[in-house]
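Some notes on the structure that comes next.
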Amino acid sequence: MDLPIVYHPDYVAPLPTGHRFPMPKFSQLYELLIADGVAHPLQFYAPEYPLDQWITLVHTPEYVQAYCTGTLDAKAQRRIGLPWSSALVNRTCIAVGGTILTAKLALGHGLACNTAGGTHHAFPSYGSGFCIFNDLAIAARVLQKLQLVEKVLIVDLDVHQGDGTAYIFQDDASVFTFSMHCEVNFPGTKQKSDLDVPLPAGMEDDAYLQTLASYLPDLLAQVKPDLVLYDAGVDPHAGDRLGKLALTDAGIYRREMQVLSTCVSSGYPVACVIGGGYADDFKSLVYRHSLLHRAASEVYRHYR
C-alpha cells in the first residue's frame, strides 16, 4: 500500500502575470513527486466539488454566494488579495474538496496528504491573505457532521497564525486549535487559538524543533483527537519572502518527520495540507513543499 495523496489539475487557476501568489506550485509539486519517484500516478486521488451545505457549515451563506457569483465588493476582494474569476471559484472549491477527501483517507489509512490546502486566514464572513474558504475548518466540520469524528486537533505550523481557524473554533471544545507562528508577522491582529506559540524572528532549526517537541506529545495525550489536521506551511524557511524565521530544508524535513511520526506512532490519523510558501526561486519552493510528501511516505512505510 502506498501513501494516499490528493491532487486535481484544477488546483491551478490563472492569475495575472507577476501576481505574488505562487499558483503554479500546485501542479509543479504533483509533477516533481512523480519525477522524483516519491509517488506514482496511481496513488493520487482526485477530489470532487464539495456540496454548498458543507461550505456553509463554516461560512455564511451570504459570503459564499457573493464570492461564488462574483458579486463580492471591491474592498472584500482586496482583502483576499486574489482577483476574482470563475476559474478561481472552481479552484477554491475543488481545493476544499481535496482537504475533505484527504481527511477521509487519513481516517481509513492513518495518514494522507493533499497537494494544496491550508487556507487558514478565511473567516466565516470574509476572506483574507490569499484565503477564500477555510478548508481546514470545513473538513473538520464535514467529518463531524458525517459522524466520522468527534474530536479534531488542528496543528498549524504555517509561519502565519491560523487566525481564521482560531476564530471559527474559539467557543468549540470539539476542535482544538494549535498555532506555532512567527510573532512579528501577518496577521497584524492575532486571534486566540486554544494554544498559541509565538516565535521570535530568526529562529533556527534546533530551537524550533525543540519548541515543537515540548508541546506536541503532551497535546496529543491531552486532546486525544480522532483526527489531526496538519497545516505544513513551508514559509518558516529562511528563504521565504514572507516568513521571518530561519529554517533550512533539513529543518523542514525533520519537522515533518517529527510531527507525522509522533502522531502516527501513537495511533492518531493525520491529514496533511501544504500551507503557505512564498519564494522567488520556484524550484526550491516546490521542493520544500515536497518534503511533506517525502516524509509522509517514509512514515507511512514504517508504520504500516
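The values are calculated or read from the model by the stated rules, or taken from the named source; none is laboratory data. This is a predicted model, so every value here is computed, not measured. Neighbour counts are summed over all protein chains in view; Cβ atoms, including those assigned to glycine, are modelled from backbone coordinates with ideal geometry.
General remarks:
- Residue in the range 214-224 that is among the aromatic types (F, W, Y), under 20 Å from T165 (Cα atoms) and crowded, with 23+ Cβ neighbours inside 10 Å present: no
- Residue within the range 252-271 that is closer than 16 Å to L209 by Cβ, of a type in the set (A, V, I, L, M), assigned to a loop (DSSP other than H, G, I, E, B) and out of contact with any Ser or Thr (no Cβ under 8 Å at 6 or more places or on another chain) present: no
- Per-region count, the range 100-147, residues among the hydrophobic types (A, V, I, L, M, F, W, C), more than 25 Å from P22 (Cα to Cα) and in contact with a Pro (Cβ under 8 Å, 6 or more places away or on another chain): 5
- Restricting the range 164-208 to residues that are among the acidic types (D, E) and touching a strand residue (DSSP E or B) at 6+ places or on another chain (Cβ under 8 Å), the residue that is surrounded by the most Cβ atoms within 10 Å (Cβ to Cβ): D205
- Residue check, H120 modelled with pLDDT of 95 or more, buried (at least 24 other Cβ atoms within 10 Å of the Cβ) and not charged (D, E, K, R): yes
- Residue check for D231: in contact with a strand residue (DSSP E or B) (Cβ under 7 Å, 6 or more places away or on another chain), under 29 Å from G97 (Cβ atoms) and surrounded by fewer than 20 Cβ atoms within 10 Å (Cβ to Cβ): no
- Among the residues of the range 16-32, the one identified as buried (at least 18 other Cβ atoms within 10 Å of the Cβ) and more than 18 Å from the chain's Cα centre (by Cα) is L32.
- Only listed residue being within 20 Å of G276 (Cβ to Cβ) and either of a type in the set (S, T, Y) or surrounded by fewer than 17 Cβ atoms within 10 Å (Cβ to Cβ) (or both), chosen from G81, G108, G98: G81
- Against the criterion of being under 20 Å from E256 (Cβ atoms), under 19 Å from the mean Cα position of the chain (by Cα) and in contact (Cβ under 8 Å) with a residue 40 or more places away in the chain, G110 qualifies.
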